[in-house]
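See below for the structure under consideration.
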Amino acid sequence: MAQLRVSEIYNSVQGEGVNTGLPTTFLRFAGCNMRCPGWPCDTPHAVEPSIWSAEAEKFEVKDLIARIEETTGTGIRNICWTGGEPFLQPAVQLQQLYWALFERRYSQEVFTNGSKIFPSWSWEMPKMMDWKLKGSGESNFHVNYFRSEEQDRELSIECREQNALELDRRDGIKFVVTNLDDFDEAVETWKYLFMQNCDAQFWVGAAWNRVKEAELVQWLLDAGLPWKLNVQVHKYIWPANERGV
């Protein structure tokens, strides 16, 4: 039976998105289909196969639920699925996990790159979708190297668009920008999705140590956009590369 690969499980406060500041148990899955070479990844232990293959634990669903309940204790009721990319994990086991936690009255949210079509059972789960821009190095993401580059690009964009147009007001699309060109690309993407009746909230954040938040806020104000600023609060509380916080 397929197992779920988990890099780490820990308690902290949610550092970004709609639940910023909420005590949360983070369920970090191991493995990602992107590398984001445009900036240093802040979770290489969940992304680089050479690291997570040595460190990650494999769980049956029932054992993972037991570990989560042990970690959350009696106070934390919000679970954040993150990674890596959560939706790369075995689909059947993910669905079983979701419903088991739902039955135990946990709220659940997921942070995802949107490169995989969201499964139908996940639509009740609030999502923050990280829309990759050129500065990330993944805007032309290749999902399958057996296809041509152009086919890969078209399929990646098609997946992201399909996912984005299914999101509602509980969900968010996040742009991370490295410079003004990225910001302009984000604006054009938002205009397109807005015209397609995308209902998600939109957020924009600065790539760590690449753009100052004050500069990004000025761009946001000058453009007159109805977006929210995404600040990774946890990186201001603890060292940026510290794990388990």
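Do we find that Arg5 is in contact (Cβ under 8 Å) with a residue 12 or more places away in the chain and surrounded by fewer than 17 Cβ atoms within 10 Å (Cβ to Cβ) in this structure?
no
Looking only at the range 53-66, how many residues end up being at pLDDT 95 or above and surrounded by fewer than 15 Cβ atoms within 10 Å (Cβ to Cβ)?
Of the residues in the range 53-66, 5 are at pLDDT 95 or above and surrounded by fewer than 15 Cβ atoms within 10 Å (Cβ to Cβ).
Return yes when Gln89 is touching a helix residue (DSSP H, G or I) at 6+ places or on another chain (Cβ under 6 Å), touching a residue at least 60 places away in the same chain (Cβ under 8 Å), surrounded by 15 or more Cβ atoms within 10 Å (Cβ to Cβ) and over 17 Å from Gly172 (Cβ atoms) and no when it is not.
Spelling it out, it is not the case that Gln89 is touching a helix residue (DSSP H, G or I) at 6+ places or on another chain (Cβ under 6 Å), touching a residue at least 60 places away in the same chain (Cβ under 8 Å), surrounded by 15 or more Cβ atoms within 10 Å (Cβ to Cβ) and over 17 Å from Gly172 (Cβ atoms).
So that you can scan it fast, the table gives a plain yes or no per residue for (1) closer than 28 Å to Gln14 by Cα; (2) in contact with a strand residue (DSSP E or B) (Cβ under 6 Å, 6 or more places away or on another chain); (3) at pLDDT 65 or above:
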{"position": "Val110", "(1), (2), (3)": "yes, yes, yes"}
{"position": "Ile117", "(1), (2), (3)": "yes, no, yes"}
{"position": "Ser139", "(1), (2), (3)": "yes, no, yes"}
{"position": "Val143", "(1), (2), (3)": "no, no, no"}
{"position": "Phe146", "(1), (2), (3)": "no, no, no"}
{"position": "Ile157", "(1), (2), (3)": "no, no, yes"}
{"position": "Asn163", "(1), (2), (3)": "yes, no, yes"}
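Against the condition in contact (Cβ under 8 Å) with a residue 40 or more places away in the chain and farther than 30 Å from Lys134 by Cα, how does Asn33 come out, does it pass? Talk me through it step by step, then tell me what you get.
Values: in contact (Cβ under 8 Å) with a residue 40 or more places away in the chain: yes; farther than 30 Å from Lys134 by Cα: no.
For Asn33, the condition - in contact (Cβ under 8 Å) with a residue 40 or more places away in the chain and farther than 30 Å from Lys134 by Cα - is not met.
Any idea which of (1) polar (S, T, N, Q); (2) modelled with pLDDT of 95 or more; (3) farther than 17 Å from Gln232 by Cα; (4) surrounded by 16 or more Cβ atoms within 10 Å (Cβ to Cβ) is the one Thr25 doesn't satisfy?
With respect to (1) polar (S, T, N, Q); (2) modelled with pLDDT of 95 or more; (3) farther than 17 Å from Gln232 by Cα; (4) surrounded by 16 or more Cβ atoms within 10 Å (Cβ to Cβ), Thr25 is out only on (3).
Taking the conditions exactly as written (surrounded by 12 or more Cβ atoms within 10 Å (Cβ to Cβ) and either at pLDDT 85 or above or farther than 27 Å from Ile9 by Cα (or both)), does Gly224 satisfy them or not?
No.
Is it the case that Val47 is touching a helix residue (DSSP H, G or I) at 6+ places or on another chain (Cβ under 7 Å), touching a residue at least 12 places away in the same chain (Cβ under 8 Å) and buried (at least 18 other Cβ atoms within 10 Å of the Cβ)?
So Val47 fails the test.
The values are calculated or read from the model by the stated rules, or taken from the named source; none is laboratory data. Small disclaimer: the values here were computed from a predicted structure and weren't measured. We place every Cβ from the backbone using ideal geometry, glycine too, and count neighbours over all the protein chains shown.
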